[in-house]
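Just so it is clear, none of the values below were taken in a lab; they were calculated from the coordinates. Computed from a prediction, not measured in an experiment: that's the story for all the values here. Cβ sites come from the backbone with ideal geometry, for glycine too, and all protein chains shown count toward neighbours.
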Amino acid sequence: MSEHKIDLTVNGHRHSATVEARTSLGEFLREGLGYTGTHLACEHGVCGACTVRVDGVAMRSCLMLAVQANGCAITTVEGLAKPDGTLHRVQQALKDNFGLQCGFCTPGVAITLATVLEDNPSATTSEMEEAMSGHICRCTGYQGIRRAIRQLAGEPA
Amino acid sequence: MKPAPFDYARPTSVAEACQVLADAGGGATVIAGGQTLMPLLNLRMSQPFILVDINGIAGLKGVSRADGAIRIGPATRQADALKDATLAQHLPALVTALGHVGHYQTRNRGTVGGSVALGEPAAEMPAAAVALGATIEITSVRGTRSVKAEEFYLGPYMTVLEPDELVTGISYPEWPEGHTVLFREVAQRTGDFALVGMVGALALEAGAIARAGIGWFGMGPTPIRARQAERALVGKALGEIDVQAVAELAVADTAPFDDHHASAEYRRTVGRRIFARTLRETLDIRSAA
Ligand code: FES
Ligand code: FES
């Protein structure tokens, strides 16, 4: 068993810590740094709840080790809204369209949609829906999320 | 923490990685994207003493083209390969298959080499390597060897890789510009492993098929090359192909099994249909052109 010193930024804040090699990034964000917005459910890459942005790219934080995030810039759901509390347009769209119920899957969904739109501000409904295949939502039946996506794509709900 | 404890090494060269693998005497596991390994670690189905992270080895990333072959570094992210201009132009069959690997989020971290080296029989990358005639370059402290993809896979998740060996490159022979892509898979949900799938390429010359490479996934313990179907196609003019008979031959080379998702008979039936439909669509388009 080995321990490793890592430095990384989360939502623009710098952090240094010592982690056991087997600690996942998701667990480290929650338990080590207190970013409990990132949710862990299956912890084997199936549900997408744990999705965060690593150096601008959306990925599953349960399928990456904290030690591998050394030197990386992470964005979690806490980093989406403006400091004054104004919601990110993805969060607003989910809210407007009942795109969440219990909210467990929502941090991952929001990160994925925000990242797709960041890479391509004119992403189409089908491009966003394609990326949504990596998320499981047990509440909404997906229709609210799809309405939110249509709103984000500028289409009639 | 879900995994059993392990040490972690992040070598910066192939030589260093191979040394760690050799010193571990079989107790080391290589991690690239980790999109399959991390679940196995979390479920404690894999319990290595040391994890060798190859993401810090610059030479194992990227796509290059030389001497009639296209070489992909094993640690190249699937999402990067999907956007690669060289692959789009010269190996579109691989790009098509890549689009079906996992999900957006897993392709962002998963690697081409990880999928090829793992040898999941229902995955797209091993079948594409077999179909397109790829060669897998393997390195250890004992030296470097090359193995044809067709001889690389021994069974589900079983390959000829020894515990001290590392996949250091995957080379695909070039296919002529404008070759035709064959791809179809049937899966229960987007991103799931396929129940049945086929991938391949056809090169045409003067209205006849000059070269064919076709592989199956989900149709046996390993990816399987449809040799009999390839032989039946090569040399034939487009108009004289008996699609149904070729599909029959293609399925004859498979060895599907029953599992809780589908029976062997179902896989054969669906395989025959998707093969015939894909081939017919391709030939129709080509004949009309
Ligand atoms: S917790 Fe990571 S995918 Fe489910
Ligand atoms: S809102 Fe409850 S799981 Fe998606």
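Residues in the stretch A:7-31 that are away from chain B (no Cβ under 11 Å), surrounded by fewer than 21 Cβ atoms within 10 Å (Cβ to Cβ) and away from ligand 1 (no atom under 16 Å from the Cβ): A:7, A:9, A:11, A:12, A:13, A:14, A:15, A:16, A:17, A:18. The strands (runs of 3 or more DSSP E) found entirely in the stretch B:1-63 that carry 3 or more residues being among the aliphatic types (A, V, I, L, M) are B:28-31, B:50-53. Within the stretch B:232-269, how many residues turn out to be within 17 Å of residue B:280 (Cα to Cα) and without any contact (Cβ under 8 Å) to a residue 12 or more places away in the chain? Going through the stretch B:232-269 one residue at a time, the tally reaches 3.
Counting only residues that are in a strand (DSSP E or B), under 30 Å from residue B:49 (Cβ atoms) and of a type outside the set (S, T, N, Q), how many does the stretch B:161-211 have? Total satisfying the criteria: 4.
Taking the stretch B:32-44 as the range and being of a type outside the set (Gly, Ala, Ser) and farther than 16 Å from residue B:1 by Cβ as the test, the residues that pass are B:35, B:36.
Is it fair to say residue B:77 is within 11 Å of chain A (Cβ to nearest Cβ) and under 28 Å from residue B:90 (Cα atoms)? When the stated conditions are applied, residue B:77 passes them. For residues in the stretch A:133-148 being in a loop (DSSP other than H, G, I, E, B) and without any contact (Cβ under 8 Å) to a residue 40 or more places away in the chain, which is farthest from ligand 1 (Cβ to nearest atom)? Only one residue tops the list, namely A:141. Assessment of the stretch A:118-125 against the conditions (away from ligand 2 (no atom under 12 Å from the Cβ), in a helix (DSSP H, G or I), of a type in the set (S, T, N, Q) and buried (at least 21 other Cβ atoms within 10 Å of the Cβ)) yields no matching residue.
Mind listing whichever residues of the stretch A:58-104 are of a type in the set (Phe, Trp, Tyr) and either buried (at least 21 other Cβ atoms within 10 Å of the Cβ) or at positive phi (or both)?
A:98
Would you check if residue A:130 is away from every other protein chain (no Cβ under 14 Å), more than 12 Å from ligand 2 (Cβ to nearest atom), under 17 Å from the mean Cα position of the chain (by Cα) and part of a helix (DSSP H, G or I)? The answer is no for residue A:130.
Could you run through the stretch A:35-70 and say how many residues are assigned to a loop (DSSP other than H, G, I, E, B), under 22 Å from residue B:1 (Cα atoms) and of a type outside the set (Asp, Glu)? Number satisfying all stated conditions: 17. Scan the stretch A:85-97 and give yes if some residue there is within 16 Å of ligand 1 (Cβ to nearest atom) and of a type outside the set (Val, Ile, Thr), otherwise no. There is no residue in the stretch A:85-97 that is within 16 Å of ligand 1 (Cβ to nearest atom) and of a type outside the set (Val, Ile, Thr). Contact map, the stretch A:1-27: first residue outside any strand (DSSP E or B), second residue more than 16 Å from ligand 2 (Cβ to nearest atom) and of a type in the set (Val, Ile, Thr), Cβ cut-off under 7 Å, separation 6 or more or different chains; pairs are A:11/A:75; A:11/A:76; A:21/A:67. A single member of A:41, A:49 is under 21 Å from residue B:33 (Cβ atoms), in contact with a Gly (Cβ under 8 Å, 6 or more places away or on another chain) and within 16 Å of ligand 2 (Cβ to nearest atom), and it is A:49. Checking each residue in the stretch A:50-83 for being touching a residue at least 40 places away in the same chain (Cβ under 8 Å), more than 12 Å from residue A:8 (Cβ to Cβ) and away from chain B (no Cβ under 11 Å) picks out A:77, A:78, A:79.
Looking only at residues of the stretch A:98-123 that are under 16 Å from residue A:37 (Cα atoms) and of a type in the set (S, T, N, Q), we find that the one that is farthest from ligand 1 (Cβ to nearest atom) is A:101. For the stretch A:32-45, give me each residue that is away from ligand 1 (no atom under 13 Å from the Cβ) and buried (at least 21 other Cβ atoms within 10 Å of the Cβ). Hit for the stretch A:32-45 is A:35, nothing else. Residues of the stretch A:87-111 that are within 12 Å of the chain's Cα centre (by Cα), within 17 Å of residue A:139 (Cβ to Cβ) and more than 12 Å from ligand 2 (Cβ to nearest atom): A:91 alone.
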